[in-house]
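K.L.:
Mind looking over this structure? Questions follow.
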Amino acid sequence: MGRKMRALDFFDKAAGLYRGEEPFVVVTQVQQRGEAPSDPGSKAIIQSSGLVWGTVGGGKIEARAIQFAKEILTEKQSEPLIRVWNLQTDIGMTCGGEVTFLFEVFSPRTWNIAVFGAGHIAQELVRTLLPLQCRLWCTDSRSEWIEKLPQAENLDRLVTSEPVNRISALPQGTFFVVMTQGHATDVPILDAIFRLHSNSPYIGVIGSDLKAGKIRRELKARGIEDSLLERLRCPMGLKIGNNQPVEIAISITSELLQVRDQTT
């Protein structure tokens, strides 16, 4: 029972840090040769502030593990690393053993995506994005369209007659996809996005090249700078597929993934 409870404590602690988007390293002793201060399976959770849970032996060996974990956090290492340390020659201990540690880095970062509009393409887009590790918001003034969306833990379905008012509450770094009922409702939303989230990695609106030109002219007349308007993606999506809503959704999802991987 004690080992089970300790395992639960570990998972609770790691899950809490992950939900809080706090980077951390899990250190696991996977092997030993000769004498060592801890047994294989020993675990510790380390953040940039130091040890926050568990132990891999204490003393000099743990201090070395903490130091190394801090270094790979600073370097933003992402791949798991194995380190084999001789306790005498590498650590300076009197023990004559050798230990092997696995260092696993967890740098959770929520991928936030806000979709404005819940029409046919948005319905397919939300369903395409939901299985991915992201947080979604979908906003529309039409409750009947919002209700068609699936219910999911990572989806907030919002009905409002003033979607612009939702923008200020969204986290910085959110990806924005605008596909409302038409040009007249797209422009005020885009105006607010450029004013409140000018550093967003992705600001896109569905439409043609002709629509893109018209939107840019109207936003410029509203005071949005050309340097920002150059970043507006219209048409959205990679040049793949046909005009079926599901294929457009896949095209947009592909572009969102491409931008995410280039900016994170």
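K.L.:
On the given criteria, is CYS138 crowded, with 17+ Cβ neighbours inside 10 Å, in the same structural domain as GLU255 (by TED's automatic domain parsing) and of a type in the set (A, V, I, L, M, F, W, C)?
P.N.:
yes
K.L.:
On to the next question. So which of ILE224, ILE203, ILE215 ends up being closer than 26 Å to GLN133 by Cα and assigned by TED's automatic domain parsing to the domain that holds HIS120? Even if it seems obvious, please write down each step before you answer.
P.N.:
On the way: ILE224 fails: closer than 26 Å to GLN133 by Cα; ILE215 fails: closer than 26 Å to GLN133 by Cα.
Criteria check complete, one pass: ILE203.
K.L.:
Next question, about the same structure. Quick one: is THR89 more than 27 Å from the chain's Cα centre (by Cα), part of a loop (DSSP other than H, G, I, E, B), outside the structural domain of GLY173 (by TED's automatic domain parsing) and not charged (D, E, K, R)? Give the steps one after another, and end with the answer.
P.N.:
Working: more than 27 Å from the chain's Cα centre (by Cα): yes; part of a loop (DSSP other than H, G, I, E, B): yes; outside the structural domain of GLY173 (by TED's automatic domain parsing): yes; not charged (D, E, K, R): yes.
Here the answer is yes, as THR89 does meet what is asked.
K.L.:
Also, quick follow-up: Please go through the stretch 94-138 and pick out each residue that is among the β-branched types (Val, Ile, Thr), touching a residue at least 40 places away in the same chain (Cβ under 8 Å) and part of a helix (DSSP H, G or I). Even if it seems obvious, please write down each step before you answer.
P.N.:
We begin by selecting, within the stretch 94-138, every residue among the β-branched types (Val, Ile, Thr); these are 94, 99-100, 105, 110, 113, 115, 121, 126, 128.
From what's left, touching a residue at least 40 places away in the same chain (Cβ under 8 Å): 99-100, 105, 110, 113, 115, 121, 128.
ILE121, THR128, listed by residue number.
K.L.:
Residues being of a type in the set (A, V, I, L, M, F, W, C) and either without any contact (Cβ under 8 Å) to a residue 12 or more places away in the chain or surrounded by fewer than 17 Cβ atoms within 10 Å (Cβ to Cβ) (or both): count how many of those fall in the stretch 159-186. Explain how you work it out, then say what you get.
P.N.:
We begin by selecting, within the stretch 159-186, every residue of a type in the set (A, V, I, L, M, F, W, C); these are 159, 164, 167, 169-170, 175-179, 184.
Adding the requirement that they be either without any contact (Cβ under 8 Å) to a residue 12 or more places away in the chain or surrounded by fewer than 17 Cβ atoms within 10 Å (Cβ to Cβ) (or both) leaves 159, 169, 184.
Selection size over the stretch 159-186: 3.
K.L.:
Still on this model: Here is a list of conditions, (1) basic (Lys, Arg); (2) farther than 30 Å from ASN243 by Cα; (3) modelled with pLDDT of 90 or more, and ARG127 meets all of them except one; can you say which number that is?
P.N.:
Among (1) basic (Lys, Arg); (2) farther than 30 Å from ASN243 by Cα; (3) modelled with pLDDT of 90 or more, the lone unmet condition for ARG127 is (2).
The values are calculated or read from the model by the stated rules, or taken from the named source; none is laboratory data. The structure presented is a predicted model; accordingly, all values stated were derived computationally and were not measured. Every residue, glycine among them, receives a Cβ derived from its backbone with ideal geometry; neighbour counts consider all protein chains shown.
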